[in-house]
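One structure is given below, encoded as structure tokens.
The values are calculated or read from the model by the stated rules, or taken from the named source; none is laboratory data. Not measured: the values here are computed from a predicted model. Note: ideal-geometry Cβ built from the backbone for every residue, glycine included; neighbour counts use all protein chains shown. Only protein heavy atoms, including side chains, enter the accessible area calculation; ligands, DNA and RNA are left aside. Shrake-Rupley method; radii C 1.70, N 1.55, O 1.52, S 1.80 Å.
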Amino acid sequence: MANFQHTIEFIRDFYKSADFIPLHEPRFRGKEKEYLIDTIDSTFVSSVGAYVDRFEQMMQSITQTNKAVAVVNGTAALQVALRLAGVKQGEEVITQALTFIATANAIAYNGAHPIFLDVDLDTMGLSPKAMEDFLDSFGEVREDGCYNKSTGKRIAACLPMHTFGFPVHLDELIAVCQKWNIPMVEDAAESLGSTYKGKPTGSFGQLGIFSFNGNKTVTCGGGGAIVTNDLAIGEKGKYLTTTAKKTHPYEFFHDELGYNFRMPNVNAALACAQLEQLEGFLTAKRKQAIEYAGFFGKEGIKFRTELEHTEANYWLMSLEMGDKMERDAFLELTNSQKVMTRPIWQLMFRLPMYVNCQRDDQKNAIYLEERIVNIPSSVI
Ligand SMILES: *Cc1c(COP(=O)(O)O)cnc(C)c1O
């Protein structure tokens, strides 16, 4: 077993801190205060305002998409993105079990059922091979999409998640989705700024979503965004997340079940100031990843790095331990010495709400569940 005391010393040295070191804390070193004061002075702190528009413009430009919709958080973004992709009550959505709870919950909020398929060991995200294998056994393409022969239900979408900012094998996944006529929605909540063959994650699917929660690379307290290249879908997204109200000078007429999922202007102000610093955050994180990689290489501990043809945003840096016992020892020692670390999520099918969902053998997901830990990853 490696000497984890060295790791603790290295991290303390890196952050030049003898106190508690969190996993990921925000940095407000741009125009945050200026923009916040501006929203207060303008009185437009709530659901309409110039910063919301500006945030949407910035997100379109950063993700190279045609339409971005600001929403209240990433989970809400996912819920609506799935509905926009055509997911309906009683249908099914293919996703990975190795993810944060929001991915699975957003499927359930639409009254749909997750199908949990395995991840790849190298990306830690949904495996094109696992999806192809599943569909070879259970898929049937009909006029209105792909059906699951074992349940008779339509597989309405595929929802891969770019774990910790490492892009999934997008070309291969898109090929499988096209072959089986299944729309793809990207859970890019963790991967703002990550690219695959030079293109931003979130821009590959019919829709993509991002989160601006307090622990993400860029935060606005709480917030989310839906992005798409399909203008009509994007406009519909804006409509649905702002209560589905028909434009009228004074009448209230809502012609669909919409949501109040708007991002307040005060949060958007924070988001704009943060997005202005995205490049700087990405550079700082990349530099840290290189330093970590050098250190852990010498220690004989596996530090997870980006794959060829991809750029990860290195949101949360991760280590792969030899086995679960080593993982537990690492978590125990680091946390007891106030250097925050944590394991990757428990697989979704272990949670009471999702125990009965259809799934494959989850060989890789279980392997990673027992070994992956996150270490402090805040920008210095
Ligand atoms: C953070 C996150 C979300 C969305 O989270 P919110 O806290 O609702 O903004 C969704 N999916 C994944 C994988 C996430 O990490």
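Could you work out Rg/(2.2 N^0.38 Å) for region 32-276, with Rg from alpha carbons only?
Working: Rg = 18.0 Å, N = 245, 2.2 N^0.38 = 17.8 Å.
Cα Rg divided by the expected 2.2 N^0.38 Å: 1.01.
How do Trp345, Trp315 stack up against each other in accessible area, from largest to smallest, with a 1.4 angstrom probe? Numbers along the way, then the final one.
Numbers: Trp345 35, Trp315 5 Å².
I get Trp345, Trp315, largest accessible area first.
For the chain, what is the mean residue ellipticity at 222 nm derived from helices alone (per DSSP H run of n ≥ 4: -39500 (n - 2.57); sum divided by total residues; nearest 500 deg cm²/dmol)?
Working: 12 runs with 142 residues, N = 380.
Here the helix-only value at 222 nm equals -11500 deg cm²/dmol.
Hey, can you rank 131-138, 23-30 by average C-beta count inside 10 Å, highest first?
Final packing ranking: 131-138, 23-30.
Can you give the accessible area per residue of region 32-276, in Å², using a 1.4 Å probe? The partial results should precede the final answer.
Details: 9200 Å² over 245 residues.
Per residue, region 32-276 has an accessible area of 38 Å².
Placing +1 on the Cβ of each Lys and Arg and -1 on the Cβ of each Asp and Glu in region 32-276, which of Phe252, Asn110, Gly221 has its Cα farthest towards the positive end of the resulting dipole?
Value: Phe252.
Using only alpha carbon pairs under 8 Å that are at least six residues apart, calculate the relative contact order of the chain and give it in whole percent.
Working: 834 pairs, mean separation 93.3, N = 380.
Relative contact order for the chain comes out at 25 percent.
Can you bin region 104-232 into rounded, prolate or oblate? Criterion: square roots of the alpha carbon gyration tensor eigenvalues sorted a ≥ b ≥ c, rounded for a/c under 1.5, prolate for a/b above b/c, oblate for the rest.
Working: a/c = 1.83, a/b = 1.58, b/c = 1.16.
The shape class here is prolate.
For the chain, modelled as a GNM with alpha-carbon contacts under 10 angstrom, which of Ser336, Ser61, Ser46 fluctuates the most?
Ser336
Could you give the spread of the C-alpha atoms of region 316-380 along their three principal axes, from largest to smallest, in whole angstroms?
Principal-axis extents of region 316-380 (Cα, largest first): 41, 24, 18 Å.
What accessible surface, in Å², does a 1.4 Å probe find on Asp53, ignoring ligands, DNA and RNA and rounding to the nearest 10?
90 Å²
Given a Förster radius of 35 Å and the C-beta distance between His254 and Glu34 as r, what FRET efficiency does 1/(1 + (r/R0)^6) yield to the nearest 0.05?
Working: r = 36 Å, r/R0 = 1.04.
Efficiency for this residue pair is about 0.45.
Would you mind pulling out the separation of the Cα centroids of region 1-22 and region 48-98, in Å?
37 Å
What order do Tyr250, Tyr196 take when sorted by accessible area (1.4 Å probe), most exposed first?
Numbers: Tyr250 170, Tyr196 15 Å².
Greatest to least solvent exposure: Tyr250, Tyr196.
Name the residues whose placed amide hydrogens come within less than 5 Å of the amide hydrogen of Thr310, ignoring near sequence neighbours (fewer than 5 apart) on the same chain.
Those qualifying (amide H under 5 Å, at least 5 residues apart or on another chain) are Lys197.
Would you list Arg327, Arg350 from the most to the least accessible area, probe 1.4 Å? Let's see the in-between values first.
Numbers: Arg327 30, Arg350 105 Å².
The ranking, largest first, comes out as Arg350, Arg327.
Mind telling me which of Phe14, Phe210, Phe281 comes out most flexible in a GNM of the chain, alpha-carbon contacts under 10 Å?
The residue that fluctuates most here is Phe14.
Would you work out the charge dipole size for region 162-242 about its Cα centre, treating the Cβ of every Lys and Arg as +1 and the Cβ of every Asp and Glu as -1, and quote it to the nearest 20 debye?
Working: 6 positive and 7 negative charges, 22 e Å.
Rounded to the nearest 20 debye, it is 100 debye.
On the accessible surface of region 32-276, probed at 1.4 Å, how many percent belong to carbon and sulfur atoms?
Numbers: 4950 of 9200 Å².
C and S fraction of accessible area: 54 percent.
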